[in-house]
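Report on the following structure.
Taken together, the values in this text are just the output of simple stated rules run on the coordinates, not laboratory data. Given the structure is predicted, the values throughout are model-derived calculations rather than measurements. Cβ coordinates were reconstructed from backbone atoms using ideal geometry, including for glycine residues, and neighbour counts include every protein chain displayed.
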Amino acid sequence: MQIALAYKGLEFEKIYVALEKLENRKRPFLAINPYGKVPVLKDGDFILSESVAILRYLEEKYPDTPKMFPSDLETKAILNQMAGQCETEFCFPGSILYFAKRFVPEEKWDLKRMKDSSKKIQKHLAILNQKLEGKEFLTENKFGFLEVLYAPFLANIGYMEVELPENVKSWIDRVLEQGFVKEGLKKDS
Ligand SMILES: N[C@@H](CCC(=O)N[C@@H](CS)C(=O)NCC(=O)O)C(=O)O
């Protein structure tokens with residue numbers, strides 16, 4: 001979400017929710033998102049969670065800022081397909097590894113679940129590698145919505161115990177070197 005805000009040049013205030021202290025699983029955060037997940041956007045009195053919903057909202061609310069979505073129907077449909085695959089095949093298994101390694105003592109790791117997650121990500125990266133053949137970015141060959149969605153996880157790819165296929169590796173470097181990605185990923189505490 002912060003990357004999208006930076007990409008669109010929108011001003012925002014970050015409020016850090018300390019996942020390592022489980023602040024997201026307690027009140028007052030649970031009153032904001034009962035599922036205990038970040039990110040959450042607060043725009044005036046309007047509160048919204050779920051990254052994809054937030055990015056769509058920002059795109060529609062601020063039409064005069066740089067666009068993240070293509071306008072062509074089929075290109076947008078493929079983007080939606082890939083956004084779903086990004087969430088289920090990459091972000092979700094990625095968060096299993098990330099949270100275990102960041103916040104759970106090693107003796108409590110569910111090694112089978114972690115290994116299965118790594119395998120799932122590896123398969124996803126092989127498919128992504130084919131899609132990236134001869135391309136710099138995933139949609140219309142320019143930085144866009146999918147890169148915004150992937151970026152926070154790409155920045156933590158080291159936790160995922162995977163080998164990076166060549167096209168994926170250069171795409172990750174390309175995504176992470178964008179100024180607004182650096183800006184959006186800046187730690188707030
Ligand atoms: N589908 C949600 C997933 C959000 C999500 O899993 N957030 C993670 C951080 S990346 C989280 O808040 N995890 C805390 C927890 O599960 O306790 C989205 O895209 O916003």
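Structural remarks
- The translational diffusion coefficient of the chain, from Stokes-Einstein at 4 °C and 1.567 mPa s with a Kirkwood hydrodynamic radius over alpha carbon pairs, comes to 73 µm²/s.
- Calculated on the alpha-carbon coordinates, the convex hull of region 73-185 measures out at 95 cubic angstrom per residue.
- The helix-based estimate of mean residue ellipticity at 222 nm for the chain, built from -39,500 (n - 2.57) per DSSP H run of four or more residues and divided by its residue count, is -15000 deg cm²/dmol to the nearest 500.
- Mean Cα-pair separation over length for the chain, i.e. relative contact order, pairs under 8 Å, 6 or more apart, %: 27
- Largest GNM mean-square fluctuation among G84, G44, G158, using the chain with Cα springs under 10 Å: G44.
- Listed by chain and number, the aspartates and glutamates placed with their C-alpha closer than 16 angstrom to that of K112 are E161; residues fewer than eight positions away on the same chain are left out.
- For K37, the lysines whose Cα falls under 21 Å of its own Cα, not counting residues fewer than eight places away in the same chain, are K14, K21, K26, K101, K186, K187.
- Remark: the chain carries a charge dipole of roughly 620 debye about the Cα centre, counting +1 on each Lys and Arg Cβ and -1 on each Asp and Glu Cβ.
- Most positive-pole-ward Cα, W109, L128, N141, against dipole of region 56-152 from beta carbon charges: W109
- Helices of the chain meeting both criteria, an alpha-carbon length of 24 angstrom or more along the long axis and an average Kyte-Doolittle score not below 1.0, with helices taken as full DSSP H segments, do not occur.
- Estimated D of region 2-61 in µm² per second, where Rh is the Kirkwood radius over Cα pairs and Stokes-Einstein applies at 4 °C, 1.567 mPa s: 105
- The peptide list 35-41, 69-75, put in order of mean Cβ contacts within 10 Å with the highest first, becomes 35-41, 69-75.
- What separates the Cα centres of region 105-152 and region 40-57 is a distance of 24 Å.
- Distance histogram in 10 Å bins (all Cα pairs of region 87-139, percent per bin): 24, 42, 24, 10, 1
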